[in-house]
Each structure stands twice: as C-alpha cells, then as structure tokens.
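The values are calculated or read from the model by the stated rules, or taken from the named source; none is laboratory data. All figures in this text were calculated on a predicted structure; none of them were measured in a lab. Here the Cβ positions follow ideal geometry from the backbone for every residue, glycine too, while neighbour counts run over all protein chains shown. For the accessible areas, the whole protein counts, side chains as well, though only heavy atoms, and no ligand, DNA or RNA atoms are used. Shrake-Rupley method; radii C 1.70, N 1.55, O 1.52, S 1.80 Å.
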Amino acid sequence: MLREAVVTSLYAAIQPLHAALDYHLDRQNLLVTNLAHADTPGYVPRDLRRPTSFAAAMELALSRPSSGTALTADGRVASEDVYLDRTAGAGEDGNFVSLDREAAKLAQNQSRYDVVSTMVGAQLRLLSWAANDGTGT
Amino acid sequence: MALSLYSALDVAASGLNAQRTRMNTIASNLANARTTRGADGGPYRRIDPVFEAVPISRTSELERNVAQVRVKEIRQDDRPGQMVYDPGHPDANAQGYVEYPNVNVVEEMANMMSASRSYEAGVAAIESIKAMARAATGIGR
C-alpha cells in the first residue's frame with residue numbers, strides 16, 4: 001500500500017504537465033482546422049477555452065506537484081468546451097477566419113507546447129538523477 | 001480516433017489540397033479568358049470551387065470541431081460575358097456581336113493571391129505540427 005503511494009507520487013509532477021501537453025495538442029488540431037478552412041463559406045473558427053489562465057495553471061502545477069493534478073481530477077485539462085471565435089468578423093461569404101489571427105494563435109500554441117515538453121523532460125531527468133543516487137544525469 | 005499530431009496533419013493536408021484545387025480553377029479561368037467555344041458550345045464560363053467542412057469523427061465534441069476541407073462542387077459562374085462587336089469573328093451572332101467568357105482577369109489575379117497565401121498558411125501550419133512532434137520526441141532525451 002505504502003510502496004504504491006510512493007511510486008505514484010514519483011510521477012505526480014509529470015501528470016499535470018501531461019495534461020497540458022494534451023490540451024495544446026487538441027488546440028493545435030482546432031487551430032489547424034481554422035487555417036485549412038480559410039475559404040470555406042460560413043465557417044466560424046473554433047478555439048479551446050482554458051480552465052483558468054495558462055500562467056495560473058502552470059504555477060499550480062509547479063508549486064503543488066505532490067498534491068496531484070492541478071487541473072482536473074482525471075488529469076486532463078477540461079478541454080471539451082470548444083467555442084466559436086467570431087472576433088475577426090465575417091466577409092461576404094460568412095467566413096470568420098482571419099489568417100493572421102489564426103497563424104499567431106498557432107505559433108503561440110506551438111511555443112507553449114515546446115515549453116511544456118521541455119518541462120516534462122526536465123522532470124524526467126530529475127527522476128533519473130534521483131534514481132541514480134544523485135550521480136550522473 | 002483520438003486527436004493527435006497526425007489528425008492535425010491530415011486536416012492541414014486537406015486544406016492544401018483545397019487551395020490547390022482552387023488554383024487549378026483559377027488557372028483554367030485565366031487560360032480560357034478568350035475562349036469563345038466552351039464544352040457546351042457557347043463561350044467558356046468561369047468556374048469556382050465550393051468548399052465544405054467534414055468532421056474527422058463524431059465521437060466527441062472536440063472531434064466534431066476538427067474538420068477536413070472537402071471540395072463540395074465546382075460551380076459554374078453564370079454571369080453574362082462581355083459582348084464585343086466583331087462581325088468577322090466566326091462565333092459572332094446575327095447582330096455581329098461575339099460573347100466573350102465572363103472571366104475578369106483582375107478578379108482572377110486577386111483570387112490567385114488569396115489562394116497562394118492560404119496555401120502558405122497551410123504549409124506554415126504543417127511546419128508548426130512538425131516542430132511540436134520534434135518537441136514531443138525530445139521528451140526524455
């Protein structure tokens with residue numbers, strides 16, 4: 001019982017990061033869809049709502065790694081709420097996609113994914129460092 | 001089918017395919033800007049692709065919103081063409097007027113630029129997906 005708890009807590013720091021990776025992967029799919037539909041009549045771009053601000057979620061994930069998932073109970077960001085983003089305004093054909101806007105979102109999403117994956121790598125290295133009694137990497 | 005980098009790649013590829021189809025129709029319109037004998041006998045009529053969104057899967061709310069682009073139809077534009085007085089032309093009508101295709105070269109050029117930019121955006125999206133895949137495979141290295 002006790003041993004199991006210890007093993008679980010080893011990966012507790014990675015779990016929320018894993019959720020963040022999933023969130024950005026899902027969002028990337030939506031943003032790519034928006035770009036692909038730049039000329040589909042009546043298409044309204046989609047985006048994924050964040051549970052709180054990304055910074056707040058990240059801070060939570062980092063400051064309380066041992067308390068388990070910072071985002072949702074099942075380790076996933078509450079990613080099911082897709083919303084229609086009509087900010088850019090529509091053209092004659094009812095298409096709301098703005099290429100610049102979507103491309104900027106895409107670049108932003110990608111760099112966030114990079115940051116999170118770097119953090120996962122760092123956590124894993126930390127674990128392997130601990131597993132090797134603090135020698136090597 | 002869960003969402004993955006591959007589903008994103010599929011969607012981006014369908015977008016590129018759609019823009020390429022659009023480029024083909026523009027090339028056809030430009031090339032036939034003076035064609036007075038089209039497939040149905042009359043002057044050439046300009047064509048336009050119509051795109052539609054097809055969800056990759058319907059298993060979750062998210063997957064219903066991730067949609068590939070499909071060319072629904074190639075629609076013919078039925079606006080009347082320009083009538084030019086040229087009695088010597090073999091396709092002139094009884095009054096000596098020839099109907100030229102309803103292709104406006106300036107309009108087609110603008111369409112071409114738009115298609116080209118959209119294509120570039122699709123390529124940029126694919127680059128971004130590739131960078132994410134690299135980041136993901138870099139975990140634990």
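Give me the distance in nm between label points sitting 7 Å out from Cα along the Cα-to-Cβ direction at residue B:123 and residue A:11, one decimal.
4.1
How much mean residue ellipticity at 222 nm does chain B get from its helices, if each DSSP H run of length 4 or more adds -39500 (n - 2.57) and you divide by all residues, to the nearest 500 deg cm²/dmol? Numbers along the way, then the final one.
Values: 3 runs with 65 residues, N = 141.
That calculation yields -16000 deg cm²/dmol at 222 nm.
Report the net charge of residues surrounding residue B:135, where surrounding means a beta-carbon distance below 15 angstrom and charges are Lys +1, Arg +1, Asp -1, Glu -1.
Working: positive: A:27, A:112, B:130, B:134, B:141; negative: A:22, A:114, B:127.
With Lys, Arg at +1 and Asp, Glu at -1, the neighbours total +2.
Which of A:34, A:106, B:24 sits closest to the plus end of the dipole of the protein assembly as shown, meaning its Cα is farthest towards the positive end, when Lys and Arg get +1 and Asp and Glu get -1 on the C-beta?
Highest projection toward the positive end goes to A:106.
Ignoring ligands and nucleic acids, what accessible area does residue B:61 show with a 1.4 Å probe (Å², nearest 10)?
Accessible area of residue B:61: about 80 Å².
Assign one of three labels to the range B:67-120, namely rounded, prolate or oblate, based on the Cα gyration tensor with a ≥ b ≥ c the square roots of its eigenvalues; rounded applies when a/c is under 1.5, prolate when it is not and a/b is larger than b/c, and oblate otherwise. Intermediate results must be reported in sequence, preceding the final value.
Values: a/c = 4.90, a/b = 2.44, b/c = 2.01.
Prolate, since a/c reaches 1.5 and a/b exceeds b/c.
Could you order A:37, B:89 so the one with the most accessible surface comes first? Probe is 1.4 Å. List each step's numbers first, then the result.
Details: A:37 0, B:89 40 Å².
Solvent-accessible surface, decreasing: B:89, A:37.
By accessible area of protein heavy atoms, probe 1.4 Å, what ranking do B:10, B:77 get, highest first? Mind dumping the intermediate values first?
On the way: B:10 80, B:77 30 Å².
Greatest to least solvent exposure: B:10, B:77.
What total accessible surface area, summed over both chains, is buried at the interface between chains A and B, computed with a 1.4 Å probe and given in Å² to the nearest 100?
Numbers: alone 8430 and 8990 Å², together 14810 Å².
The summed interface area works out to 2600 Å².
Using a 1.4 angstrom probe with every protein chain in place, what is the largest-first accessible-area order of B:105, A:32, B:84?
Values: B:105 75, A:32 0, B:84 45 Å².
The most accessible residue leads, giving B:105, B:84, A:32.
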